[in-house]
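The values are calculated or read from the model by the stated rules, or taken from the named source; none is laboratory data. Since the model is a prediction, treat every value here as computed from it, not as a measurement. A quick note on method: Cβ atoms are made from the backbone with ideal geometry, for glycine too, and the neighbour counts reach across all protein chains shown.
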Amino acid sequence: MENKNNISVNYTLEDDLYTIQLVDNIAQAEIGFANFKFTKNRGVWLYNIKINEGYQSKGYGKKLLKLFEDFCVAQRRFFVEGKYYPTNDHAKPFYLKNGYSIDIDGNDQFIFKYLPEKTCELEK
């Protein structure tokens, strides 16, 4: 857990599902979270990333995604994939802006990204 500018970051693991949670310590409220699972092919399946209303469009999504990616690289997991709902108008631009590619197969919207093998913040 870290505390910068009154924001806590919590990492949890339950039944092979990892969660990274951002918490506003002043309001004592959850800002958002990311859920993901490591796959057998040494990749990561990103189930969802969600920023709660009132915290959206303030850079928290980008921060959470960066924490997620840094955690993956620290665990030597370099390929991220996942899905998003096509009704979520914000998902596609968000992922594209953050370097993800989009693949559409019927009604399914897939994201994927190869993460660079680099030293990340968690290793320092």
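Worth a mention:
- Of all residues in segment 11-28, those that are of a type outside the set (A, V, I, L, M, F, W, C) have Cβ atoms under 6 Å from Cβ atoms of residues that are surrounded by fewer than 14 Cβ atoms within 10 Å (Cβ to Cβ), 6 or more apart or on another chain, in THR19/THR12; GLN21/ASN10; ASN25/ASN6.
- Qualifying residue in segment 99-112 (condition: in a helix (DSSP H, G or I) and in contact (Cβ under 8 Å) with a residue 40 or more places away in the chain): no
- For segment 79-91, the candidate set comprises residues that are in contact with a strand residue (DSSP E or B) (Cβ under 6 Å, 6 or more places away or on another chain) and not in a strand (DSSP E or B); within that set, the residue that is surrounded by the fewest Cβ atoms within 10 Å (Cβ to Cβ) is PRO86.
- Contact map, segment 69-89: first residue over 14 Å from ILE102 (Cβ atoms), second residue among the polar types (S, T, N, Q) and surrounded by fewer than 19 Cβ atoms within 10 Å (Cβ to Cβ), Cβ cut-off under 9 Å, separation 6 or more or different chains; pairs are GLU69/ASN98; VAL73/THR119; ARG77/THR39; PHE79/THR39; PHE79/ASN41.
- If you filter segment 36-79 down to residues that are charged (D, E, K, R) and on the phi > 0 side of the Ramachandran plot, you find that the one that is modelled with the highest pLDDT is ARG76.
- Checked against (1) under 15 Å from the mean Cα position of the chain (by Cα); (2) surrounded by fewer than 16 Cβ atoms within 10 Å (Cβ to Cβ), ASP105 passes all but condition (1).
- ILE49 being part of a strand (DSSP E or B), under 25 Å from GLU14 (Cβ atoms), free of Cβ contacts under 8 Å to residues at least 24 places away in the same chain and of a type outside the set (Lys, Arg): yes
- Conditions (1) part of a strand (DSSP E or B); (2) in contact with a helix residue (DSSP H, G or I) (Cβ under 9 Å, 6 or more places away or on another chain): number failed by LYS62: (1)
- Summed over segment 34-50, the residues that are in contact with a Leu (Cβ under 7 Å, 6 or more places away or on another chain) and within 15 Å of TYR84 (Cα to Cα) give a count of 4.
- Residue within segment 100-113 that is of a type in the set (A, V, I, L, M) and touching a Leu at 6+ places or on another chain (Cβ under 8 Å) present: yes
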